[in-house]
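Chemist: Sharing a structure below in structure tokens format, with a few things to ask.
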Amino acid sequence: RRVYTELIAARRLDLSDPRRSLPNPLAAEPVLAELALAHSRLKLYFGFLRRKTELDAAPLKEEEKKAAMAAIEKIITDCDLTRTAQDILGHYLALERYFLEESVNKALKMAAPQNGATTSSLVDDVFFIARKVIRRSLSTGSVDGACAVLNEAAALLERDTA
């Protein structure tokens, strides 16, 4: 928990300072990959705890199995690691939104009509960005996180490219 808190404090951006320029969205990709991987591993660990409890409770009576499963669910729900996983997912979603918005805005700026150009790669660029963001969100292992990113991507496409 302490390491996570120090990591967040070290990477905190002061967006209220107008002199500070926003970072390049491409610089966020390694951090996004780390956050997605960390969240995925936490979900995997929670799944391991559930399966291990289920296997250990197999020889027990049905009521004892239910009690063991309820106990592990309570432990998982109440532990700091669950809150850390939620914090990681929250930071991931905020950073992913920034990456998506800035990347699409950059693609829109680059797609400005140029002399002699008959085609634009805007559609390809935007769908490449959307595909990358959606695939990365699926790698978090969180259904809620993936739905949030899908909704954000859909809203951005409707808002900015319509």
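Every number here is computed from the coordinates shown, using simple stated rules; none is lab data. These numbers come from a predicted model, not from an experiment. Ideal geometry is used to build each Cβ from the backbone, glycine not excepted, and the neighbour counts take in all protein chains shown.
Chemist: Mind ordering 90-102, 26-38 by average Cβ neighbours within 10 Å, highest first?
Modeler: 90-102, 26-38
Chemist: Next up: What is the log10 of I(q)/I(0) for the range 40-162, computed with the Debye formula using one identical point scatterer on each Cα and no solvent, at q = 0.11, 0.23 Å⁻¹?
Modeler: Once normalised to I(0) and log-transformed, intensities are -0.55, -1.22.
Chemist: Residue separation times 0.36 nm, minus the C-alpha to C-alpha distance between Asn151 and Leu60: what's the value?
Modeler: 28.4 nm
Chemist: Starting from the Cα gyration tensor of the range 17-110, take the square roots of the eigenvalues, sort them a ≥ b ≥ c, and report rounded, prolate or oblate (rounded when a/c is under 1.5, otherwise prolate if a/b is larger than b/c, else oblate).
Modeler: prolate
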